[in-house]
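The values are calculated or read from the model by the stated rules, or taken from the named source; none is laboratory data. Quick caveat, the model's predicted, so the values are computed rather than measured. Because the Cβ atoms are built from the backbone with ideal geometry, glycine has one as well, and the counts that use them run over all protein chains shown.
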Amino acid sequence: MDSGLAAVLGAAVGAIGTGGAAVVAALLARSQVRMQIQAEHRRSLRDPRKAAYVAFAECWRNRLELTSNAWIELRLAADRRGEPEFGGLLQAASAYREESDNLSAELEHAQAVIYVEGPEVVTRAANEASSQLTIFRRKVHDAFLAVQSGTLSDTASEACNKARSEAYGSYLRFLHAASDILGGDVL
């Protein structure tokens, strides 16, 4: 083989190798940029969702605790009917119920944000938690009326305890659904 031809072939092979390496490097860089964009997109979805889920969970939990405190005061009042403490316990229960009522708009707003942020599995879990909390609050209201009239029965007490337990269970299901969604978005 002629040395001129060998030089030309060597230069051609070198140019092809350099060009091929540049193409491979460009494809790898493009793939890396695509992965970075996807990761940033997941992060941009995760942060507002996390804030929405936390706001709902905190407000829901506060409302449950206030309603539970009202229920505790009502049980104490039922045991002290006719005693001087009765009126104070009933007032305390009423104050807890009122404070819980004041969180209504905040909880509705937090739930609306969850509707916007989604996804559907978390929205359903938030709906269930809110529904179960409403049932518990209704049972406590019924118990309040029964304590005032002196007719609180064991059946009504059991219904309140069961409603609280079911509400808390739905809250845990919401937390698990939210955690699963956020966990899937972690990088």
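Being at pLDDT below 95, of a type outside the set (Gly, Ala, Ser) and buried (at least 16 other Cβ atoms within 10 Å of the Cβ) is the filter; apply it to region 149-187 and report the residue that is farthest from Ala95 (Cα to Cα).
Among those that are at pLDDT below 95, of a type outside the set (Gly, Ala, Ser) and buried (at least 16 other Cβ atoms within 10 Å of the Cβ), it is Asp185.
Do the conditions hold for Ile135, that is, is it in a helix (DSSP H, G or I), among the aliphatic types (A, V, I, L, M) and touching a Gly at 6+ places or on another chain (Cβ under 9 Å)? Walk me through how you get there before you give the answer.
On the way: in a helix (DSSP H, G or I): yes; among the aliphatic types (A, V, I, L, M): yes; touching a Gly at 6+ places or on another chain (Cβ under 9 Å): no.
Here the answer is no, as Ile135 does not meet what is asked.
Go through Ser68, Ser100 for me and flag whichever is closer than 18 Å to Ala156 by Cα and either among the small types (Gly, Ala, Ser) or touching a Phe, Trp or Tyr at 6+ places or on another chain (Cβ under 6 Å) (or both).
When all the criteria are applied, what remains is Ser68.
Could you tell me how many of the residues in region 45-84 are outside any helix (DSSP H, G or I) and either touching a residue at least 40 places away in the same chain (Cβ under 8 Å) or in contact with a strand residue (DSSP E or B) (Cβ under 6 Å, 6 or more places away or on another chain) (or both)?
Total satisfying the criteria: 1.
Using the structure shown, decide if Thr155 is more than 24 Å from Phe86 (Cβ to Cβ), among the hydroxyl-bearing types (Ser, Thr, Tyr) and in a helix (DSSP H, G or I).
no
Is region 28-43 home to any residue that is at pLDDT 95 or above and over 19 Å from Ala163 (Cα atoms)?
no
Give just the number: which of (1) surrounded by 20 or more Cβ atoms within 10 Å (Cβ to Cβ); (2) at pLDDT 95 or above does Leu90 not satisfy?
Failed condition: (2).
Suppose we filter Gln91, Gln111 for residues that are closer than 22 Å to Ala70 by Cα, in a helix (DSSP H, G or I) and not aliphatic (A, V, I, L, M); which single one remains?
Result: Gln91 is the single residue among Gln91, Gln111 that is closer than 22 Å to Ala70 by Cα, in a helix (DSSP H, G or I) and not aliphatic (A, V, I, L, M).
What do you reckon, is Lys162 in contact with a helix residue (DSSP H, G or I) (Cβ under 8 Å, 6 or more places away or on another chain), of a type in the set (Lys, Arg) and part of a helix (DSSP H, G or I)?
Details: in contact with a helix residue (DSSP H, G or I) (Cβ under 8 Å, 6 or more places away or on another chain): no; of a type in the set (Lys, Arg): yes; part of a helix (DSSP H, G or I): yes.
In short, no.
Has region 115-132 got at least one residue that is touching a Gly at 6+ places or on another chain (Cβ under 8 Å) and assigned to a helix (DSSP H, G or I)?
yes
Among the residues that make up region 125-146, is at least one of them of a type in the set (Asp, Glu), more than 23 Å from Glu106 (Cα to Cα) and surrounded by 13 or more Cβ atoms within 10 Å (Cβ to Cβ)? Break it down into steps so the answer makes sense when it comes.
Residues of region 125-146 that are of a type in the set (Asp, Glu), as a first pass: 128, 142.
In the following step, the residues that additionally are more than 23 Å from Glu106 (Cα to Cα) were identified as 142.
Retained after the next criterion (residues that are surrounded by 13 or more Cβ atoms within 10 Å (Cβ to Cβ)): 142.
Yes, region 125-146 contains at least one residue that is of a type in the set (Asp, Glu), more than 23 Å from Glu106 (Cα to Cα) and surrounded by 13 or more Cβ atoms within 10 Å (Cβ to Cβ).
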